[in-house]
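See structure below.
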Amino acid sequence: MTIKQISVFMENKPGTMSKVTDALGNSGIDVRAASLADTQDFGILRMIVSDTDKAVKALAEAGYVASVCDVFAAEVPDRPGAMTELMKKVAETGLNLEYMYAFVSPETKDAYIVFRIKDIESAEKALSEKGIKLIGNAK
Amino acid sequence: MKAPKTHNIYNPEAECMPREQLRELQSKRLAETVKREYENVPVYRERMDAKGIKPGDIKSVDDLKYLPFTNKTDLRDEFPFGLLAVPKREIVRIQGSSGTTGKPIVSGYTENDVEVWTEMVARALVAAGGTADDIIQVCYGYGLFTGGLGAHQGATRIGAMTVPMSSGNTQRQILMMKELGSTMLCCTPSYATYLGETIREMGLDPKKDIRLKSGVFGAEPWTEEMRQRLEQLLDIDACDIYGLTEIAGPGVAFECLEKRGMHVNEDHVIAEIIDPVTEEQLPYGCSGELVFTTITKEGMPMLRYRTHDICKLDATPCACGRTTVRMGRITGRTDDMLVIRGVNVFPSQIESVLVSVKGVAPFYQLVVDRVHSTDSIEVQVELDEKMFSDTVADFEKIRNEIGEKIKSVVGISAKVTLVGAKTLPRSEGKAKRVIDNRKL
């Protein structure tokens, strides 16, 4: 099971982020999780949002090209050691993590680890064999 | 939609003349022109006298190399009427450059000059597949700039339905294009690309909603890759056209549907290639500065006018049947040349690098600066809209590839900055691609 993530190329200039969040906010889109990868000249904003298609449209109207890709989101208990348990299992599959970020849900009190592995299909199989609990967009 | 490839020729007698016969005609017309220039234009007389040349010495095209050059500065110095070879009352038209810096330049046309120019454009439009059945949308600016009126006159001459839109107002351009069913387009290649992008953004399908079959694009240099992109974007044949106010306007040279260089209207002008530094004439096939001599122009004839455009000439036969020499793409300008840390850099070289890199669009801006007496160049490149990635590594890869290619092609290290799709300024006239912030 995978979830949809939006990535936006952003020039490293003051005010860029607020233009992007403005476009999303005005369209009534809730940002569930976000992470900003930065280099000297540009950044990539990655987000999990409430309505992916609507968000892509809103961003396009604001002049930003957004790409959508599948990432994994694993549910783990919010307690010390939970993340390393997950990471050990991922390591055992021999797969490489491209990037990762995490958030905690105030309702379920669980933590969610969002991560990207290039070969989705074989990764999905390997992760489920290791008993990793993956969630979908609905959650 | 592209039409089947045809090779219609507007004036076969002139355009397909055997080269020997053409040379005789050129020689005769050159001798007459030089005589008129010597008798009527003081600057030309003084320069010829200084070189010890009398009009009678110029008997054929071979003697061209003895004649003095004319430069853009001459048109400024003699502004507005100093280079006229006829009384002012014979002039029926003035065209000129926009003159954003200093004095503008103008050229005066007699009735016959307008006629010759009109036929040059008519030849170009026919070569691009134009007939009386076509609806030709002209979105060059109308006015002193030769683009609008030039295309207009040529389109009217071939009996096409001419739509004088002039430049700007893109939405309205597209609306008219759709409603009238325009079949041919005349504008700058960068504006045509912008029109194509906008058509798609408006949700229109160029294959269904737009009836364009071809376009004649000029007034700025472009590349083969830009042509392919434009042809795909609008589903058309895109032909190049070349011209300059000093000589006539658009139509001095034009491409046929073979798209293998622009046929020079050699019954009206003589084209030469020279070494821009030594000023020596170079043989066909060599890259150098393009020089034109008008041989039928009455109002303001030009003697060896230096265009500052760099290209090659090719006289090998063309499949279309025209015998005229073809000029290759303009690969640079002798005066656009940037000297960065002692290296000669042409913006066109940077462009040729960009079109070979996947993931970026051929829209760029060069920002040149000087910090602590060292020149720096930054190349800002737009990402292609279809470039999707969620990893920094992919973007870094594109950036490094551009940097390395620039280094190997141009020989300088440039800072490469990726910018979002469609964020660089689009111009409706000539694209402004170089920002030089150096204070010299």
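The values are calculated or read from the model by the stated rules, or taken from the named source; none is laboratory data. Remember, predicted model here, so these are calculated numbers, not experimental data. Quick reminder, even Gly has a Cβ in these numbers, built from the backbone with ideal geometry, and neighbours come from all protein chains shown.
Kindly indicate the residue of segment A:24-33 that is under 15 Å from the mean Cα position of the chain (by Cα) and without any contact (Cβ under 8 Å) to a residue 60 or more places away in the chain and also surrounded by the fewest Cβ atoms within 10 Å (Cβ to Cβ) among those meeting that condition.
This residue is A:Asp30.
Return yes when B:Lys407 is away from chain A (no Cβ under 14 Å), surrounded by fewer than 18 Cβ atoms within 10 Å (Cβ to Cβ) and either outside any loop (DSSP other than H, G, I, E, B) or within 23 Å of the chain's Cα centre (by Cα) (or both) and no when it is not.
Answer is yes for this residue.
Hey, could you check segment A:47-69 for residues that are touching a residue at least 60 places away in the same chain (Cβ under 8 Å) and at the interface with another protein chain (Cβ under 10 Å from one of its Cβ atoms) and say which is surrounded by the most Cβ atoms within 10 Å (Cβ to Cβ)?
A:Ala66
Would you pick out the residues in segment A:80-120 that are closer than 16 Å to A:Ile135 by Cα and either of a type in the set (D, E, K, R) or within 14 Å of chain B (Cβ to nearest Cβ) (or both)?
A:Met100, A:Tyr101, A:Glu107, A:Lys109, A:Asp110, A:Val114, A:Phe115, A:Arg116, A:Ile117, A:Ile120 - these are the residues of segment A:80-120 that are closer than 16 Å to A:Ile135 by Cα and either of a type in the set (D, E, K, R) or within 14 Å of chain B (Cβ to nearest Cβ) (or both).
From the list B:Ser373, B:Ser352, B:Ser389, exactly one residue is farther than 30 Å from B:Gly147 by Cα and more than 14 Å from chain A (Cβ to nearest Cβ). Which is it?
Answer to the selection: B:Ser373.
Among the candidates B:Ala421, B:Ala361, B:Ala414, which residue alone is within 14 Å of another protein chain (Cβ to nearest Cβ), buried (at least 17 other Cβ atoms within 10 Å of the Cβ), over 30 Å from A:Leu59 (Cα atoms) and modelled with pLDDT of 80 or more?
B:Ala414
For segment B:300-341, give me each residue that is closer than 19 Å to B:Pro276 by Cβ, of a type in the set (Ser, Thr, Tyr) and touching a His at 6+ places or on another chain (Cβ under 8 Å).
The one that is closer than 19 Å to B:Pro276 by Cβ, of a type in the set (Ser, Thr, Tyr) and touching a His at 6+ places or on another chain (Cβ under 8 Å): B:Thr334.
Given the conditions (1) in a helix (DSSP H, G or I); (2) in contact (Cβ under 8 Å) with a residue 40 or more places away in the chain; (3) within 14 Å of chain A (Cβ to nearest Cβ), and given that B:Glu382 satisfies all but one, which numbered condition is not satisfied?
For B:Glu382, the failing item is (1).
One line per residue, one yes/no per condition, for (1) within 14 Å of another protein chain (Cβ to nearest Cβ); (2) out of contact with any Gly (no Cβ under 6 Å at 6 or more places or on another chain); (3) loosely packed, with under 13 Cβ neighbours inside 10 Å:
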position: A:Ser7; (1), (2), (3): yes, yes, no
position: A:Lys13; (1), (2), (3): yes, yes, yes
position: A:Ser18; (1), (2), (3): no, yes, yes
position: A:Asp38; (1), (2), (3): yes, yes, yes
position: A:Leu45; (1), (2), (3): yes, yes, no
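I'd like the residue in segment B:287-315 that is at pLDDT below 95 and of a type in the set (Ser, Thr, Tyr) and, out of all such residues, is farthest from B:Asn40 (Cα to Cα).
Ranking the candidates gives B:Ser287 first.
Answer with yes or no whether B:Phe69 is under 25 Å from B:Gly147 (Cβ atoms), surrounded by 13 or more Cβ atoms within 10 Å (Cβ to Cβ) and among the aromatic types (Phe, Trp, Tyr).
It is false that B:Phe69 is under 25 Å from B:Gly147 (Cβ atoms), surrounded by 13 or more Cβ atoms within 10 Å (Cβ to Cβ) and among the aromatic types (Phe, Trp, Tyr).
Please go through segment B:370-379 and pick out each residue that is at pLDDT below 90 and either assigned to a strand (DSSP E or B) or not assigned by TED's automatic domain parsing to the domain that holds B:Lys407 (or both).
B:Arg370, B:Val371, B:Thr374, B:Asp375, B:Ser376
Residues B:Tyr44, B:Tyr66: which one is in contact with an Asp or Glu (Cβ under 6 Å, 6 or more places away or on another chain) and either of a type in the set (Ser, Thr, Tyr) or at pLDDT below 95 (or both)?
B:Tyr44
Take the conditions in contact with a strand residue (DSSP E or B) (Cβ under 6 Å, 6 or more places away or on another chain), surrounded by 17 or more Cβ atoms within 10 Å (Cβ to Cβ) and in the same structural domain as B:Glu119 (by TED's automatic domain parsing) and apply them to B:Leu64. Does it pass?
Answer is no for this residue.
Every residue in segment B:326-344 that is part of a strand (DSSP E or B) and at pLDDT 80 or above, please.
B:Arg326, B:Met327, B:Ile340
Quick grid of which residues meet (1) surrounded by fewer than 24 Cβ atoms within 10 Å (Cβ to Cβ); (2) in contact with a Pro (Cβ under 6 Å, 6 or more places away or on another chain); (3) farther than 30 Å from A:Tyr64 by Cβ:
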position: B:Tyr142; (1), (2), (3): yes, no, yes
position: B:Leu149; (1), (2), (3): no, no, yes
position: B:Ala155; (1), (2), (3): no, no, yes
position: B:Val163; (1), (2), (3): yes, no, yes
position: B:Ser166; (1), (2), (3): yes, no, yes
position: B:Glu197; (1), (2), (3): yes, no, no
position: B:Asp209; (1), (2), (3): yes, no, no
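Taking segment B:154-208 only, how many residues are assigned to a helix (DSSP H, G or I) and among the β-branched types (Val, Ile, Thr)?
6
State the number of residues belonging to segment B:260-303 that are of a type in the set (S, T, N, Q), buried (at least 23 other Cβ atoms within 10 Å of the Cβ) and outside any loop (DSSP other than H, G, I, E, B).
Result for segment B:260-303: 2.
Among the helices (runs of 4 or more DSSP H) contained in segment A:46-139, which hold 1 or more residues that are under 21 Å from A:Lys4 (Cβ atoms) and not assigned by TED's automatic domain parsing to the domain that holds A:Ala33?
The qualifying helices (runs of 4 or more DSSP H) are A:82-93, A:120-129.
Could you tell me whether B:Phe395 is modelled with pLDDT of 90 or more and within 14 Å of another protein chain (Cβ to nearest Cβ)?
Taking the combined requirement at face value, the residue satisfies it.
Report those helices (runs of 4 or more DSSP H) wholly inside segment B:1-120 carrying at least 2 residues which are over 25 Å from the mean Cα position of the chain (by Cα).
Because the criterion is at least 2 residues that are over 25 Å from the mean Cα position of the chain (by Cα), the helices (runs of 4 or more DSSP H) in segment B:1-120 that meet it are B:19-40, B:42-50.
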